[in-house]
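What follows is one structure encoded as structure tokens, with my remarks underneath.
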Amino acid sequence: MSRPRIIVVDDNVLLLRSLARRLGAFHVRLAECPERALALLDEEDADIIVSDYEMPRRDGVSLLSEIAQRHPKTRRVLMSSAPPDSAPHLVAHGVLHDVLEKPLCGFVDRLQQLCEAQP
């Protein structure tokens, strides 16, 4: 079985590198901005995309909403130290599959569960 493919999006490059080290069981691609994440998805599908909520030019909800339309089979996870109040609504309506709060305790285990839950 091939390793699950994950894209992690965050404008904090140090955090991206740290998360990549923790995700050694996955095939990880990193994007420091939403535009790069979309380009990576257009090059090759991903099983999961994890995006930070607060980024300079575009927030994670906007990015993940677009991905829901363009790549509906990709699982979408928002991470934030302060998730938006609309997060439960977005999960209930299928825009997001999960919301992970920083610090990211249990991060790797939760992503593995999401990969295993894919149809």
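Every number here is computed from the coordinates shown, using simple stated rules; none is lab data. Everything quoted here is computed from the prediction, not taken from an experiment. Please note: Cβ atoms are built from the backbone with ideal geometry, for glycine as well, and neighbour counts cover all protein chains shown.
Report the gain in length on full extension from His93 to Lys73: 0.36 nm times residue separation, minus Cα-Cα distance, nm rounded to one decimal.
The span from His93 to Lys73 would gain 5.7 nm if fully extended.
Evaluate E = 1/(1 + (r/R0)^6) for Gln113 and Asp45, where r is the Cβ-Cβ distance and R0 equals 22 Å; express this FRET efficiency to the nearest 0.05.
0.65
Once you order the gyration tensor axes a ≥ b ≥ c over the Cα atoms, which shape class does the range 10-65 get: rounded for a/c under 1.5, otherwise prolate or oblate by comparing a/b with b/c?
oblate
Can you show me the helix-derived [θ] at 222 nm for the chain, built from DSSP H runs with n ≥ 4 at -39,500 (n - 2.57) apiece and divided by the number of residues, rounded to the nearest 500.
Calculated at 222 nm, the ellipticity per residue is -11500 deg cm²/dmol.
Between rounded, prolate and oblate, where does the range 10-111 land on the alpha carbon gyration tensor, with a ≥ b ≥ c its root eigenvalues, rounded for a/c under 1.5, else prolate if a/b exceeds b/c?
In terms of gyration-tensor shape, rounded.
Round to the nearest 0.05 the FRET efficiency obtained for Glu54 and Cys105 when R0 = 30 Å and r is the Cβ-Cβ distance.
My answer for the efficiency is 0.95.
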